[in-house]
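Written below as structure tokens is the structure these notes are about.
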Amino acid sequence: MDGWIAFLQERSSDIGTALQEHIVLTGISVLLGCLIAIPLGIALVYSRWNWLTNTVFFMANLLQTIPSLALLAIFIPFLGIGMKPAIVALFLYSIMPIMRNTYDGFRSVDNSVLEAARGMGYSTMQSILRIRLPLALPYIMSGIRITTVYIISWATLATLIGAGGLGRLIVGGLGVNKLELVVVGAVGAILLVLITDTLFGWIERILTKRYGRTSSTTA
Amino acid sequence: MIQIKASAKKVTALLLCGVLIATTLLLTGCGKEDQIVIGTQTFTESKIMAEMYKALIEEQTDLQAKVIPDLAASAVIINAMKKNEVHMATLYSGELFNNHFPVEETKDRQEVLKQAQAGFDKYLGFTWMDSLGFENTYAFTVQSKLAEERGYERISDVVKDAGDLRLGVDTTWMERTNDGYPAFRKAYNVEFGQAFPMEQSLVYEAVGNNQVDIVLAYSTDSRIKAYDLKTLEDDKQFFPPYDASPVLLKELAQKHPEVVQAIQPLIGTIDEQTMIDLNYKVDIEKKSEREVAIEYLEQQGLLVKKNEK
């Protein structure tokens with residue numbers, strides 16, 4: 001036990017840097033994912049062309065099937081090494097689940113509700129913002145939460161292309177047979193998942209509350 | 001009653017089937033008695049050497065060999081050898097300094113090899129053969145253009161500019177105790193502006209494309225030449241010597257001396273340039289390690305060509 005405490009003290013700055021890099025990697029990729037995938041998912045709900053919806057989902061599914069290590073390697077000739085290619089790869093992975101959940105969430109809203117809204121004079125924009133988005137929120141949030149969990153775990157591979165993160169501790173520890181490093185890297189990722197998931201839980205609750213009020217006042 | 005009996009029979013039959021399948025799986029899972037497992041590290045050279053051992057062993061003995069590629073580091077290989085999961089590998093004499101057993105500090109090539117041979121024999125039960133004839137050490141390299149512009153010849157020349165330089169290294173090197181980054185910083189009293197740990201095979205491309213300024217290369221890697229890199233002299237002799245040797249379990253060497261005999265002709269015959277050329281065929285010409293290994297052995301007359309048999 002003393003050995004562990006001494007180890008943690010000695011390496012605390014390295015562990016801190018790795019954790020910070022990991023948060024930046026996942027944070028930016030998931031954020032970009034949300035910015036692209038949520039509007040895209042909404043647009044597809046309103047798209048009149050079925051083939052377009054199918055193609056977009058096909059492409060997003062296809063991206064999902066590329067092994068993460070391969071995707072990281074594929075970007076090296078175009079984007080080089082470091083954070084940039086890692087973030088692009090992780091961002092691409094985040095698109096599908098967020099977009100799929102947004103799409104399904106919007107489609108889940110009962111047609112009669114939308115009819116009623118139209119009857120009350122809601123414009124399309126109003127019905128998106130005031131009706132469909134609040135009702136689809138649990139779907140979208142669960143999409144974001146799932147995505148964040150596995151982006152955090154996949155980001156451990158980013159160290160192989162020079163992007164750092166908790167994977168640095170795991171790969172380095174594996175190489176010199178220092179189990180402590182591997183354990184710290186893994187536990188770090190687990191803690192990160194637990195913390196962000198709790199955080200998203202709060203955000204979801206707050207958003208639901210707010211939207212609940214606005215919808216009741218407008219109704 | 002009859003029905004119960006019938007179903008009991010069925011259950012027994014099913015159970016028997018299950019046991020049979022499980023035992024077959026277990027038996028095939030366990031390695032064959034006479035199969036020699038050769039472990040390699042992630043870089044090309046150790047894979048080419050493993051293919052050479054395999055070809056020679058299978059040609060000259062009744063044993064079969066299997067190559068397990070891409071083990072993350074020498075520590076992984078040595079641990080697997082201790083557990084008898086890997087029987088053979090190429091290791092480098094500087095491995096001595098990785099805290100396996102007490103050693104005497106020295107940088108003399110012969111002395112390091114001698115200590116490695118004696119120590120690994122005594123403490124771990126490995127037979128450490130003589131050097132294959134080449135050394136593969138760590139080499140700090142920069143683009144030749146940059147070296148010319150700033151007059152870099154030795155690592156000490158870089159120290160004054162280090163704060164502005166981006167360093168690209170293997171992730172594992174950051175963690176090595178005796179010849180890793182922390183010890184290196186102390187020895188040269190140097191601190192690079194930014195360090196990018198990555199997979200070793202990417203450092204050459206990274207420095208070649210200006211994504212980092214200085215990288216820690218492996219001295220026998222052909223990409224040093226391909227990317228026109230300049231190797232800086234280790235003027236403080238920080239890195240220990242790294243002579244490459246075939247290493248196998250003593251138990252195997254004693255039980256099957258013909259294995260040692262099969263590999264013996266390679267000892268002392270491969271110099272640095274030869275190894276660089278062999279690596280070039282794999283890393284740049286994209287041939288397979290096996291093809292390159294067999295082609296070399298045939299050229300040397302160590303292996304009879306298939307079509308001449």
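The values are calculated or read from the model by the stated rules, or taken from the named source; none is laboratory data. Small disclaimer: the values here were computed from a predicted structure and weren't measured. Virtual Cβ from ideal backbone geometry, glycine too; neighbours counted across all protein chains shown. Just the protein is used for accessible areas: all its heavy atoms, side chains included, with ligands, DNA and RNA removed. Shrake-Rupley method; radii C 1.70, N 1.55, O 1.52, S 1.80 Å.
Things worth noting here:
- Residue in region A:186-198 that is in contact with a Pro (Cβ under 8 Å, 6 or more places away or on another chain), over 13 Å from A:His22 (Cα atoms) and of a type in the set (D, E, K, R) present: no
- Across region B:47-79, the number of residues qualifying as more than 14 Å from chain A (Cβ to nearest Cβ) and open to solvent by less than 20 Å² (accessible area, probe 1.4 Å) comes to 11.
- Options A:Leu90, A:Leu79: the member that is without any contact (Cβ under 8 Å) to a residue 40 or more places away in the chain, surrounded by 15 or more Cβ atoms within 10 Å (Cβ to Cβ) and closer than 26 Å to B:Asn210 by Cα: A:Leu79
- Checking each residue in region A:160-176 for being part of a helix (DSSP H, G or I) and surrounded by 24 or more Cβ atoms within 10 Å (Cβ to Cβ) picks out A:Ile161, A:Leu166, A:Gly167, A:Arg168, A:Leu169, A:Val171, A:Gly172, A:Gly175.
- Hits in region B:209-223 (condition: open to solvent by 20 Å² or more (accessible area, probe 1.4 Å) and more than 11 Å from every other protein chain (Cβ to nearest Cβ)): B:Asp213, B:Tyr218, B:Ser219, B:Arg223
- The one condition from (1) assigned to a helix (DSSP H, G or I); (2) out of contact with any Phe, Trp or Tyr (no Cβ under 9 Å at 6 or more places or on another chain); (3) not β-branched (Val, Ile, Thr) that A:Gly121 does not meet is (1).
So that you can scan it fast, the table gives a plain yes or no per residue for (1) within 22 Å of A:Arg11 (Cβ to Cβ); (2) without any contact (Cβ under 8 Å) to a residue 24 or more places away in the chain; (3) assigned to a loop (DSSP other than H, G, I, E, B):
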residue	(1), (2), (3)
B:Asp157	no, no, no
B:Thr172	yes, no, no
B:Asp179	yes, no, yes
B:Pro182	yes, yes, no
B:Lys186	yes, yes, no
B:Val203	no, no, no
B:Ala206	no, no, no
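- Meets criteria (within 14 Å of chain B (Cβ to nearest Cβ), in a helix (DSSP H, G or I), hydrophobic (A, V, I, L, M, F, W, C) and open to solvent by less than 20 Å² (accessible area, probe 1.4 Å)) for A:Ala136: no
- Selection status of B:Leu132, within 19 Å of the chain's Cα centre (by Cα), crowded, with 18+ Cβ neighbours inside 10 Å and either more than 14 Å from every other protein chain (Cβ to nearest Cβ) or assigned to a strand (DSSP E or B) (or both): yes
- Looking only at region B:96-110, and only at residues there that are farther than 17 Å from B:Ile78 by Cα and in a loop (DSSP other than H, G, I, E, B), the one that is farthest from the other protein chains (Cβ to nearest Cβ): B:Asp108
For every residue, the table says whether it meets (1) at pLDDT below 95; (2) open to solvent by 30 Å² or more (accessible area, probe 1.4 Å).
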| residue | (1), (2) |
| --- | --- |
| B:Phe126 | no, no |
| B:Gly151 | yes, yes |
| B:Gly163 | yes, yes |
| B:Thr172 | yes, no |
| B:Gly180 | yes, no |
